[in-house]
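One structure below.
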Amino acid sequence: MIKLFSVKQKQKEAAADGVSGTVSTKKQSPGELRVQKDISELNLSKTTSISFPNGKDDLLNFEITIRPDEGYYMGGTFVFSFNISPIYPHEAPKVKCKTKVYHPNIDLEGKVCLNILREDWKPVLSINSIIYGLQYLFLDPNPDDPLNQEAADVLKDHPKQFEASVKRSMAGGYINAHYFPRCI
């Protein structure tokens, strides 16, 4: 479970440190409050971590790192950026893969094909739901709903070749004129 400072805790700490006068705090949007709740309830596996590149005060922008320990992508490190709207959870987060990866459901620009980020998004879903979905994409890539049609076709028709291409891409190499930086 991840603990983040709440506005009230910051105010108490500032008062305890002897800061005189009133402590000005920005009012949090409903989206920020919900994200704070979602993040505090995260139950991350040992293969997943969260970071806040802009500091823990910017809850609407963070990164999730996934290191699969089984399947085609075992041993790789994949970073996803999350950009969350202030009207979250009424709008799905924008999620992008920052690691170039040979995957049927992630295109070469980092767009992610995950139904709960598009048409199946519902406000009852949480950040945890999205992380589970991303982890599942690495365990069981879906060639029937691809963003990278070429990778999907290879997975369907030549699974051994797909496996070899994934390994080559993660080690840092070219696949069909596209360079993939090392992510192992």
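The values are calculated or read from the model by the stated rules, or taken from the named source; none is laboratory data. Note that the structure is a prediction, hence the values are computed from the model and not measured. Keep in mind that these areas ignore ligands, DNA and RNA; they rest on the heavy atoms of the full protein, side chains included. Shrake-Rupley method; radii C 1.70, N 1.55, O 1.52, S 1.80 Å.
Given a 1.4 angstrom probe, what's the average accessible area per residue across region 118-184, in square angstrom?
57 Å²
My understanding is that a pair violates if its Cα-Cα distance is over 30 Å; which of 46/98; 37/98; 37/167; 27/94; 27/111 do that in this structure? Working shown, then result.
Working: 46/98 20 Å; 37/98 25 Å; 37/167 37 Å; 27/94 23 Å; 27/111 32 Å.
Violating the 30 Å limit, Cα to Cα: 37/167; 27/111.
Kindly report, to the nearest 10 Å², the accessible surface of residue 74 as traced by a 1.4 Å probe over protein heavy atoms only.
100 Å²
So what J values fall out for region 73-81 if you push phi through Karplus, 6.51 cos²θ - 1.76 cosθ + 1.60 with θ = phi - 60°, rounded to Hz, Gly and Pro as x?
Karplus values, whole Hz, x for Gly and Pro: 9, 4, x, x, 10, 10, 10, 10, 8.
Return the calculated 222 nm mean residue ellipticity for the chain, to the nearest 500 deg cm²/dmol, obtained by summing -39500 (n - 2.57) across DSSP H runs with n ≥ 4 and dividing by the residue count. Display every interim value, and only then the final one.
Working: 5 runs with 56 residues, N = 184.
One gets -9500 deg cm²/dmol as the mean residue ellipticity at 222 nm.
When the Karplus curve 6.51 cos²θ - 1.76 cosθ + 1.60 is applied with θ = phi - 60°, which whole-Hz ³J(HN,Hα) does each residue of region 151-157 get, with x for Gly and Pro?
5, 5, 5, 5, 4, 5, 8
Just one of (1) 9, 33, 29, 17, 8, 3, 1; (2) 9, 35, 34, 17, 5, 0; (3) 9, 36, 38, 15, 2, 0 is P(r) over Cα pairs in 10 Å bins from 0, in percent calculated from these coordinates, so which is it?
Computing P(r) over Cα pairs in 10 Å bins from 0, in percent and matching it to (1) 9, 33, 29, 17, 8, 3, 1; (2) 9, 35, 34, 17, 5, 0; (3) 9, 36, 38, 15, 2, 0 gives (1).
Could you list the square roots of 5 times each eigenvalue of the Cα gyration tensor of region 28-98, that is, the equivalent ellipsoid semi-axes, sorted largest first and rounded to whole Å?
Numbers: eigenvalues 119, 29, 24 Å².
That gives 24, 12, 11 Å for the three semi-axes.
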